[in-house]
1. Give, in nm to one decimal, the length gained when the segment between residue 62 and residue 21 is fully stretched (0.36 nm per residue of separation minus the Cα-Cα distance).
2. Under a crude label model (7 Å from the Cα following the beta-carbon direction), how far is residue 33 from residue 149 in nanometres?
3. Can you give the angle from 0 to 90° between the axis of helix 134-155 and the longest principal axis of the chain, with both taken from C-alpha atoms, to the nearest 10?
4. Between 0 and 90 degrees, rounded to the nearest ten: what's the tilt of helix 15-33 against the longest Cα principal axis of the chain?
5. Could you identify which residue out of 97, 131, 156 has the top mean-square fluctuation in a GNM of the chain using Cα springs shorter than 10 Å?
6. Work out, step by step, the length gained on full extension between residue 157 and residue 180: first 0.36 nm times the residue separation, then minus their alpha carbon distance; give nm to one decimal.
7. How tilted is helix 38-47 with respect to the longest principal axis of the chain? Cα atoms for both, answer in degrees (0 to 90, nearest 10).
8. State, as an integer percentage, the relative contact order of segment 1-99 based on alpha-carbon contacts under 8 Å between residues 6 or more apart.
Amino acid sequence: MPNYANYDDFTTLDVRKEHNRARRALAAELDEEEDLTPSEAHWYAYNEPINVPSGYALAVMMNFLTTTDAIPQFAAAIERLMRRSLVPGGTILVLGGVGGKYQAIYPELDRRARAAHLRVQYGFGDPLQAGERADELAALSTLIRSVWNKLAALAGDVEHTKEKLRARGAADIFDASVPFRLPRFRVRAYRRGR
């Protein structure tokens, strides 16, 4: 069994469909390669372990439901994720911003989760601060500035990019004289069962 999977196109996410497709492919392979009837191949394919799960214990969605327009755009995938992609006790974590349009996203996700018979896990009401510990913040600062320096050396003239980053309040990525900071974020958690 894989420990995790990444999905590049959330709109097509259908964990059960992928699982059943893998089972059917195994049945076809067994039917071809072994001396089995189609029904025996089907039985084995659906009773043997397979490396494509039918559900996940943890699903994490980070920073792509950034506007209320994203909810209708991904409605079918959110529905499949919430209704059919979690094992009993499975949890969906949604990490996102604290300001702007995020404020309307979380209540809508809560509503959809309840409609899918998921429990909204409480205790996540207050925003969290990324890099709250000084040692973590220093390590991230060193890493991010190191990556910037390597990429800037490869790219050549990056002044235009620096101007845009300054305008967005992100000069701390490349300028050591600016205190490095990370944004605040929110977490929403939805669980199947108790």
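1. Numbers: separation 41, 0.36 × 41 = 14.76 nm, distance 2.72 nm.
Residue separation times 0.36 nm, minus the Cα-Cα distance, leaves 12.0 nm.
2. Spacing of the two 7 Å Cα→Cβ label points: 5.1 nm.
3. It is inclined by approximately 90 degrees.
4. 50 degrees
5. Of 97, 131, 156, the Gaussian network model singles out 156 as fluctuating most.
6. Working: separation 23, 0.36 × 23 = 8.28 nm, distance 2.30 nm.
Net length gain for the segment: 6.0 nm.
7. Helix 38-47 sits at roughly 40 degrees to that axis.
8. Details: 109 pairs, mean separation 35.2, N = 99.
Result for segment 1-99 is 36 percent.
The values are calculated or read from the model by the stated rules, or taken from the named source; none is laboratory data. Note that the structure is predicted; figures quoted are calculated from it, not measured. All Cβ positions, glycine included, derive from the backbone under ideal geometry; neighbour counts span all protein chains shown. Surface areas here come from the heavy atoms of the whole protein model, side chains and all, with no ligands, DNA or RNA. Shrake-Rupley method; radii C 1.70, N 1.55, O 1.52, S 1.80 Å.
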